[in-house]
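The values are calculated or read from the model by the stated rules, or taken from the named source; none is laboratory data. Predicted, not measured: the structure shown is a model, and the values here were computed from it. Here the Cβ positions follow ideal geometry from the backbone for every residue, glycine too, while neighbour counts run over all protein chains shown. These accessible areas exclude ligands, DNA and RNA; they are computed on the full protein's heavy atoms, side chains included. Shrake-Rupley method; radii C 1.70, N 1.55, O 1.52, S 1.80 Å.
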Amino acid sequence: MEILNHEQVNHKIRRIAYQIAEVYMEHDEIILAGIADGGYVLARRLKDQLEHICEFQITLCEVKMDKKNPLAEIHTSLSPDQYKEKGIVLCDDVLNSGTTLIYAVRHFLNVPLKKFKTAVLVNRNHKKFPVKADFKGISLSTTMEEHITVILDNKASSVSLS
């Protein structure tokens, strides 16, 4: 069952971008750190929107982690010096149990930051950890057996529940 069509996904991303712009307006630069794969695509889409509405510099950072083993080493496309004392928005497509997000947050806390927020397209409300999405496109109350599919394509984005 389709929850959001292409136009609705684009609207949610645009709205999140405006919220980020408002919260980070006093910054010279922000880092959009996207968790591979879906979170990084969301970060790229947010960057595209933010470039039309902000004057601050937006830098993308890809966060690579083993989602089945979140304690394993996390790799980022930027070095800690490149995000030190900056504002970061950690992006993921779906916030399910919070495991991926909390371990990714932990990785960034080894470096002093100006501000740290999280953004997700879909918040499923099944958290095991005290982590929340500061910016979210849609919140869904689903069962654990249901599956969310997010497609973030420039021509055919969608969010579906099965």
- Note on the structure: For the range 25-121, the percent of accessible surface on carbon and sulfur atoms (probe 1.4 angstrom, ligands and nucleic acids excluded) is 45 percent
- When the charge dipole of the chain is computed with +1 at the Cβ of Lys and Arg and -1 at the Cβ of Asp and Glu, the Cα pointing farthest to the positive end, of ASN125, VAL9, SER157, is that of ASN125
- Query: About the Cα centre of the chain, what is the dipole size in debye to 20, counting +1 per Lys and Arg Cβ and -1 per Asp and Glu Cβ, all else neutral?
  - Reply: 400 debye
- Message: At 0.36 nm per residue, and after removing the present C-alpha to C-alpha distance, how many nm does the segment from ILE74 to LEU140 gain when stretched out fully?
- Response: 20.9 nm
- Beyond 19 Å, what share of the Cα-Cα pairs of the range 29-109 remains, rounded to the nearest whole percent? 33 percent
- Item | Longest to shortest principal axis, alpha-carbon extents of the range 31-162, angstrom | 41, 35, 21
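Tell me the per residue accessible area of the chain using a 1.4 Å probe; a whole number in Å² is fine. Walk me through the numbers before you get to the answer.
Values: 8400 Å² over 162 residues.
About 52 Å² of surface per residue is accessible.
Loop by DSSP (not H, G, I, E, B), at most 14 other beta-carbon atoms within 10 Å: where is the longest site-free stretch of the chain for GluC sites (Glu not before Pro)? Walk me through the numbers on the way to the answer.
Values: sites that count: GLU26, GLU55, GLU73, GLU85, GLU145, GLU146.
Maximal segment without exposed cleavage sites: 86-144.
Hey, which of these cross-link pairs are over 24 Å Cα-Cα: LYS12/LYS132; LYS115/LYS155; LYS12/LYS155; LYS47/LYS84; LYS12/LYS68; LYS64/LYS115?
Details: LYS12/LYS132 17 Å; LYS115/LYS155 33 Å; LYS12/LYS155 15 Å; LYS47/LYS84 20 Å; LYS12/LYS68 28 Å; LYS64/LYS115 21 Å.
The answer is LYS115/LYS155; LYS12/LYS68.
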